[in-house]
Structure formats: C-alpha cells, structure tokens
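This report refers to the structure that appears directly beneath it.
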Amino acid sequence: MFRYTCLNPIAQTGLDGFSENYEKTEELNDADAILVRSAKMHEMELPNSVCAIARAGAGVNNIPLGKYADQGIVVFNTPGANANGVKELVFAGMLLAARDIIGGANWTKSQAENPDVTAAAEKEKKKFAGTELLGKKLGIIGLGAIGVKVANAATHLGMDVYGYDPYISVDAAWNLSRNIHHINDVEDIYRQCDYITIHVPLLDSTKKMINSDAIAKMKDGVVILNFARDLLVDEEAVLAAIDAGKVHRYVSDFPNPTTVGKTGVIVTPHLGASTAESEENCAVMAVKELRNFLENGNIKNSVNYPNCDLGICESASRLAICHKNVKGMISRFTDVLADTNIHNMSNASKGDFAYTLLDLDSAVSPKELAQVEAIEGVLKVRVVK
Ligand SMILES: NC(=O)c1ccc[n+]([C@@H]2O[C@H](COP(=O)([O-])OP(=O)(O)OC[C@H]3O[C@@H](n4cnc5c(N)ncnc54)[C@H](O)[C@@H]3O)[C@@H](O)[C@H]2O)c1
C-alpha cells in the first residue's frame with residue numbers, strides 16, 4: 001500500500017488514476033508521495049518516507065529541487081499537459097490583434113442606452129476593422145509541446161507557417177505537420193513573418209531574445225505574441241517599436257507595470273493554462289508519473305533526477321538507488337550484490353545526481369540492503385520489488 005498527500009486541491013480525474021493500492025493521507029509523515037500545485041515548499045522539511053513529489057503543472061519555482069535531490073526525493077512535473085490550453089489562447093491573441101475586437105466590443109457596451117445602436121454600429125465599425133489570418137505568414141520560435149500544436153493548428157486556418165527550433169526533439173519533429181517550413185536561421189522568421197510567436201523556455205540564452213535588434217529586422221506592422229515568459233522579450237523595445245509604428249500589436253499573457261494599459265498592447269492575466277482540461281491533464285499525468293515511479297522505479301519527466309526506465313520488473317527483485325553523480329558507484333553496488341545475478345540494469349545522471357535501477361535474479365537480503373545504503377554518496381535506496 002502506498003500513501004500520498006495533496007498539498008493543494010488536485011483534480012479528481014487525476015486522483016482516480018490511483019489504484020486500490022493507494023491511500024490518501026492528510027499526514028505528511030505517513031506519505032510516500034506528494035502531489036502539489038503552487039504550495040510553497042522551500043521551508044518544508046520532509047520525512048524519510050517521502051520518495052517522490054509530483055507538481056501538477058510545469059513550473060517548479062515553489063520546490064527546492066536541489067535540497068530534495070540531496071535527500072533522494074525525485075521531483076516530477078507535467079510538461080506539455082497544458083499545451084492545448086496555451087495553443088488555443090495563442091489563436092485568440094492572433095484574432096484579437098487582427099481586428100480591434102476588444103475596442104469594438106467596448107464600443108458596443110458603451111452604447112447600451114443608445115436606441116439607434118444598430119445604425120450607429122454600421123457607421124462606427126470601420127474603426128475596428130482589420131485583416132484575416134488566412135494566407136498570413138506565422139513564425140514560431142520554439143517547437144516544443146506548445147509550439148508544435150500552434151504550428152499544426154495554424155495550417156488549418158490557412159496560415160503559411162515557419163518554424164524555428166535548433167534543438168527540436170525527435171517526438172516534436174514527428175508530430176510536426178509537413179506543411180511547416182523548417183527555418184534554420186531565426187532571422188528568416190523576423191524578415192518574413194506577419195505574426196511571430198515565441199514558445200521557448202526562459203534560459204540565460206533566451207532572455208530578451210526579442211530585443212530591438214530582432215525587432216528592427218521584422219516586417220512593418222508585425223504582431224508579436226508572447227505566451228511563454230515576459231522576460232523573453234525586451235518589452236521596453238517593443239513599446240518603442242509600437243510608438244514608431246513598426247509593431248502593430250504586442251500580445252502577452254504576463255501582466256507587468258511595463259506593458260499593462262499601454263497602446264498597442266493586449267495583455268491577458270496569465271490565462272494560458274487556466275482551463276479545466278489543463279488542470280485535469282496535469283493531474284492525470286502527475287499521477288501516472290508517481291505510479292510508474294512507486295510501482296516500477298521508473299523515472300519520466302523528473303526535474304532533479306534523470307529519466308531512467310526498465311519497464312515492468314520481470315525478475316525476482318528490483319533495487320532503485322538515488323545517488324550522487326560520482327565515479328565508482330556502480331562497481332560498489334555490484335561488489336555488495338556479488339552473490340546475486342544482475343539480470344538487467346540502467347544508470348543515468350543529471351547534474352550532480354544519478355539514478356540506478358538493478359534487476360536481480362534473487363531477493364536482496366537486509367544485510368545487502370544496509371550495505372548499499374551505507375555506501376558514501378547513496379541518498380536513498382528502495383526495494384521496488
Ligand atoms: N502562458 C502560460 O500559462 C504557459 C503555460 C505553459 C507553458 N508556458 C511557457 O511556454 C513556453 C514553452 O512551453 P512548452 O511546454 O512548449 O516547452 P517545451 O520544453 O516543450 O518546448 C520548448 C522548445 O523550445 C526550444 N528552444 C529552446 N531554446 C530555443 C531557442 N533559443 N530557439 C528556438 N527554440 C528553442 C526547445 O528545443 C523546445 O523544443 C515555456 O516558456 C513555458 O514556460 C506558458
């Protein structure tokens with residue numbers, strides 16, 4: 001029986017994914033695993049029983065990853081689970097930029113007392129007119145979970161889609177429609193596209209990637225969409241470009257004092273993942289990750305330990321070891337386990353931490369277990385089977 005606790009409300013559809021071998025507990029001290037959304041964990045001391053945390057969402061700023069890795073606690077997140085929610089909002093952003101839908105709707109609202117509103121609207125509507133998306137060139141920077149969905153959907157609206165991602169994953173490449181133009185130089189996107197949308201992670205290398213130099217290379221009247229992170233864009237430079245008539249609209253999902261209320265800027269209140277479906281998808285994925293880890297020892301989508309997968313254990317026993325990424329660890333494990341046959345194994349590392357799965361032809365004795373635990377650099381050992 002495994003026990004889990006939820007530090008925030010987690011969608012029931014996700015929790016329904018736990019089998020009868022799982023029990024919910026309110027007591028942290030009883031828990032093997034934790035599900036969390038935004039609860040701040042930096043000051044939280046966790047008992048030895050906890051071996052995994054799943055964040056139902058992408059960002060993990062609320063979790064001290066290094067501290068928990070040092071305790072052998074594997075932290076998971078749910079990348080891509082909210083991608084469709086973000087994708088749909090990107091299209092809303094493009095449509096809001098193409099015509100002045102917000103201005104038009106505000107105008108009709110202001111006419112609530114006007115009995116001649118129908119005729120007045122016919123006179124006013126040209127102020128809010130715009131263009132269509134059909135046939136426009138859309139440039140997508142970053143073809144990950146969200147970028148690929150935006151790219152594929154845009155082709156169905158008849159847009160001419162250009163994609164740039166020098167580090168595209170094999171999975172993403174497989175999922176990408178063959179109608180997308182593959183761009184090797186991001187400047188080709190700047191030069192050619194009417195709409196440019198960024199879907200990259202915020203890293204030192206991507207911070208302010210859309211800056212005054214990039215904007216200067218863009219077409220006049222370009223629309224820039226930012227549903228990734230505000231720090232990816234030099235927003236002061238964008239405002240200057242709007243004033244100069246270079247940028248038509250800047251659409252962002254990240255309200256801040258620089259952009260809110262400024263002419264030419266449309267800001268939504270970080271709504272990208274705010275759909276019932278996104279929350280459910282995150283919860284479903286988080287529970288799957290926890291189950292695969294607790295029941296099989298496999299790691300997929302951890303942010304502080306490497307991916308490591310031996311499938312379902314077919315041999316007599318499986319040992320899962322969280323340890324420091326230092327030399328000589330494997331030979332120390334095999335020394336201790338010299339009396340049993342290692343049927344299969346996998347080892348991977350991520351930064352300072354590593355993970356080893358060992359499938360054995362016979363059960364591990366308490367003495368062998370204690371010896372593995374005592375090896376310097378070993379952080380947590382679990383007998384998975
Ligand atoms: N608005 C929201 O509510 C919301 C919700 C979820 C995610 N996000 C943000 O959206 C962004 C994308 O998320 P995702 O789930 O698609 O991430 P992802 O990791 O699946 O994809 C990111 C892609 O960017 C690519 N990339 C990295 N550096 C690049 C560069 N310099 N140039 C071009 N491509 C580069 C990577 O190769 C990867 O394919 C992230 O910044 C994330 O924080 C926002």
query: What number of residues in segment 187-226 are surrounded by fewer than 23 Cβ atoms within 10 Å (Cβ to Cβ) and touching a residue at least 60 places away in the same chain (Cβ under 8 Å)?
result: 1
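Quick grid of which residues meet (1) within 16 Å of the ligand (Cβ to nearest atom); (2) surrounded by fewer than 19 Cβ atoms within 10 Å (Cβ to Cβ); (3) β-branched (Val, Ile, Thr):
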residue	(1), (2), (3)
Gly57	yes, no, no
Gly72	no, no, no
Glu88	yes, yes, no
Gly93	yes, no, no
- prompt: Is it true that some residue in segment 334-341 is without any contact (Cβ under 8 Å) to a residue 12 or more places away in the chain, hydroxyl-bearing (Ser, Thr, Tyr) and over 30 Å from Asp230 (Cβ atoms)?
  reply: yes
message: Being of a type in the set (A, V, I, L, M) and touching a strand residue (DSSP E or B) at 6+ places or on another chain (Cβ under 6 Å) is the filter here; which residues of segment 268-315 pass it?
response: Ala286, Leu290, Leu294, Ile299, Val303, Leu310
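When you go through Thr131, Thr118 one by one, which is the residue that is over 28 Å from the mean Cα position of the chain (by Cα) and free of Cβ contacts under 8 Å to residues at least 24 places away in the same chain?
Result of the check over Thr131, Thr118: Thr118.
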Residues satisfying the stated conditions in segment 343-352, i.e. touching a Leu at 6+ places or on another chain (Cβ under 8 Å) and under 19 Å from Ile299 (Cβ atoms): Asn344, Met345, Ser346, Asn347
message: Going by what's in this entry, would Leu357 be described as of a type outside the set (Lys, Arg), over 19 Å from the mean Cα position of the chain (by Cα) and modelled with pLDDT of 95 or more?
response: yes
message: Looking at segment 146-160 only, could you name the residues that are over 22 Å from Arg229 (Cβ atoms) and away from the ligand (no atom under 14 Å from the Cβ)?
response: Thr155, His156, Leu157, Gly158, Met159, Asp160
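Tell me the strands (runs of 3 or more DSSP E) entirely within segment 10-73 that contain at least 2 residues that are of a type in the set (A, V, I, L, M, F, W, C) and within 22 Å of Lys300 (Cβ to Cβ). Write out each step before concluding.
Numbers: elements: 22-24, 33-36, 52-55.
Correct list: 33-36, 52-55.
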statement: Going through segment 161-186 in order, the residues found to be surrounded by fewer than 16 Cβ atoms within 10 Å (Cβ to Cβ) and either of a type in the set (Val, Ile, Thr) or more than 8 Å from the ligand (Cβ to nearest atom) (or both) are Val170, Asp171, Ala173, Trp174, Asn175, Ser177, Arg178, Asn179, His181, His182, Asn184, Asp185
task: For segment 282-297, state whether one or more residues are within 30 Å of Ala97 (Cα to Cα) and touching a helix residue (DSSP H, G or I) at 6+ places or on another chain (Cβ under 9 Å).
output: yes
statement: Of the residues in segment 219-230, those that are away from the ligand (no atom under 16 Å from the Cβ) and part of a loop (DSSP other than H, G, I, E, B) come to Lys219, Asp220, Gly221
message: Exactly one of these conditions fails for Arg99: (1) touching a helix residue (DSSP H, G or I) at 6+ places or on another chain (Cβ under 7 Å); (2) surrounded by 17 or more Cβ atoms within 10 Å (Cβ to Cβ); (3) among the charged types (D, E, K, R). Give me its number.
response: (2)
message: Among the residues of segment 241-259, what is the count of those that are surrounded by fewer than 24 Cβ atoms within 10 Å (Cβ to Cβ), within 16 Å of the ligand (Cβ to nearest atom) and not β-branched (Val, Ile, Thr)?
response: 4
task: State all residues of segment 243-261 that are in contact (Cβ under 8 Å) with a residue 12 or more places away in the chain and closer than 24 Å to Leu202 by Cα; if no residue qualifies, say none.
output: Val247, Arg249, Tyr250, Val251, Ser252, Asp253, Phe254, Pro255, Asn256, Thr258, Thr259
message: When you check Leu143 against the structure, is it in contact with a strand residue (DSSP E or B) (Cβ under 9 Å, 6 or more places away or on another chain) and more than 12 Å from the ligand (Cβ to nearest atom), yes or no?
response: no
task: Evaluate the following for Val238: is it farther than 20 Å from Leu133 by Cα, buried (at least 18 other Cβ atoms within 10 Å of the Cβ) and away from the ligand (no atom under 16 Å from the Cβ)?
output: yes
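The values are calculated or read from the model by the stated rules, or taken from the named source; none is laboratory data. Not measured: the values here are computed from a predicted model. Neighbour counts run over all protein chains shown; Cβ positions are idealised from the backbone, glycine included.
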